[in-house]
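Heads up, the thing below is written out as structure tokens.
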Amino acid sequence: MKTPLFSEINIGDQMPALVKDPVSEVQLVKYAGASGDFNPIHFQNAVGKMAGFGGVIAHGMLIMGFVGQAITDWIPQRNLKKLKARFVNITKPGDVITVTGRVTAKRIEDRENIIICEVKAEDQNSQVKVEGSFEACL
Amino acid sequence: MEKSKLVGSSLPEFTFRVEKGKIREMALAIGDGKKIYTGTEEAKELGHRDVIAPPTFGLCIDLWGGPDFMEICRWLGLNPVKVLHGEQEFEYLGDICAGDEITVSTSLAGYTEKKSMHIFSIDSAYTAAGRGPVLKSRKTIIELQ
């Protein structure tokens, strides 16, 4: 992976988009085991229905994981300094999530080259699931 | 109980050993195939001590190493079926690699009431044995009325 150069990054630049495979029920079970979040709303359809979602819903943190993947596909993880996400809509199996981002600011602080980007994860209907921001040191 | 009185209270500290297989499991569940999460050699070539934890791994440390969701609900007096994860923040101070022993301290940093919501800000600080602070997190938990 080639680290983007601070001098070549401009405000408004897009981070390369990441298009994920459709979220699957098996993936939710895997993520439950990996993360330790065993809320049954993520793997028991009956619980998802009781909650009014018609079935299981994805862990918000899985979608934040997609955001982390998109960022670290673009810049090495050691350069990532802060990551913030807000969970705004639920994700269901079958949803195709695309992560996009955009540089909103750059500054030099304590001799460090900092970029700030906004980032969001949307489904196939452009419904935003997660919106947030990150800060990286290049 | 007046929930705002809980601000400043904390959970018992705990220590979690980061295993290579746990990192791999998390990366595979996300569907992130980067070798830095599964290959020790590839991670070392990039200057890490071993495979590194992906950016959202802090949650895994919380849930596998610390008190479970029901204990958190008891701590804050929450109705478990009314709880949502509203926001999540991480600040990275160093890498977390397989083999690290991470000690976590967690406290309630803030509480606000908005319309029909109780909003809790829970802060955690993660320290690696022998290396110092590596991660900070803030979780915003919303309890609907």
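The values are calculated or read from the model by the stated rules, or taken from the named source; none is laboratory data. No experiment lies behind these values; they were computed from the predicted model shown. Cβ: placed from backbone, ideal geometry, glycine included. Neighbour counts: every protein chain shown.
Tabulated values for the structure
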quantity: Failed criterion for residue B:50 (all others in (1) buried (at least 21 other Cβ atoms within 10 Å of the Cβ); (2) in a loop (DSSP other than H, G, I, E, B); (3) more than 7 Å from every other protein chain (Cβ to nearest Cβ) hold); calculated: (1)
quantity: Checking residue B:55 against (1) in contact with a Leu (Cβ under 9 Å, 6 or more places away or on another chain); (2) surrounded by fewer than 15 Cβ atoms within 10 Å (Cβ to Cβ); (3) at pLDDT 90 or above, the condition it does not meet; calculated: (2)
quantity: Residue within the range B:116-139 that is within 12 Å of residue B:58 (Cα to Cα), within 14 Å of another protein chain (Cβ to nearest Cβ), buried (at least 18 other Cβ atoms within 10 Å of the Cβ) and of a type in the set (Lys, Arg) present; calculated: yes
quantity: Residues of the range B:25-57 that turn out to be under 17 Å from the mean Cα position of the chain (by Cα), under 18 Å from residue B:100 (Cβ atoms) and not small (Gly, Ala, Ser), as a count; calculated: 7
quantity: Residue ID - nearest to the other protein chains (Cβ to nearest Cβ), chosen from residues in the range B:33-47 that are of a type in the set (Val, Ile, Thr) and either closer than 13 Å to residue A:78 by Cβ or part of a helix (DSSP H, G or I) (or both); calculated: B:36
quantity: Lone unmet requirement of (1) of a type in the set (Gly, Ala, Ser); (2) under 19 Å from residue B:62 (Cα atoms); (3) in contact with a strand residue (DSSP E or B) (Cβ under 6 Å, 6 or more places away or on another chain) for residue A:35; calculated: (3)
quantity: Spans of helices (runs of 4 or more DSSP H) in the range A:1-96 with at least 2 residues touching a residue at least 24 places away in the same chain (Cβ under 8 Å) and under 13 Å from the mean Cα position of the chain (by Cα); calculated: A:60-74
quantity: Answer from B:33, B:110 - the residue that is at pLDDT 95 or above, surrounded by fewer than 21 Cβ atoms within 10 Å (Cβ to Cβ) and out of contact with any helix residue (DSSP H, G or I) (no Cβ under 8 Å at 6 or more places or on another chain); calculated: B:110
quantity: Close pairs from the range B:3-31: first within 14 Å of chain A (Cβ to nearest Cβ), partner among the small types (Gly, Ala, Ser) and not in a helix (DSSP H, G or I), Cβ under 6 Å, at least 6 apart; calculated: B:14/B:66; B:18/B:98; B:20/B:98; B:23/B:53; B:23/B:98
quantity: Tally, over the range B:62-90, of residues that are within 23 Å of residue B:127 (Cβ to Cβ), more than 9 Å from chain A (Cβ to nearest Cβ) and part of a helix (DSSP H, G or I); calculated: 3
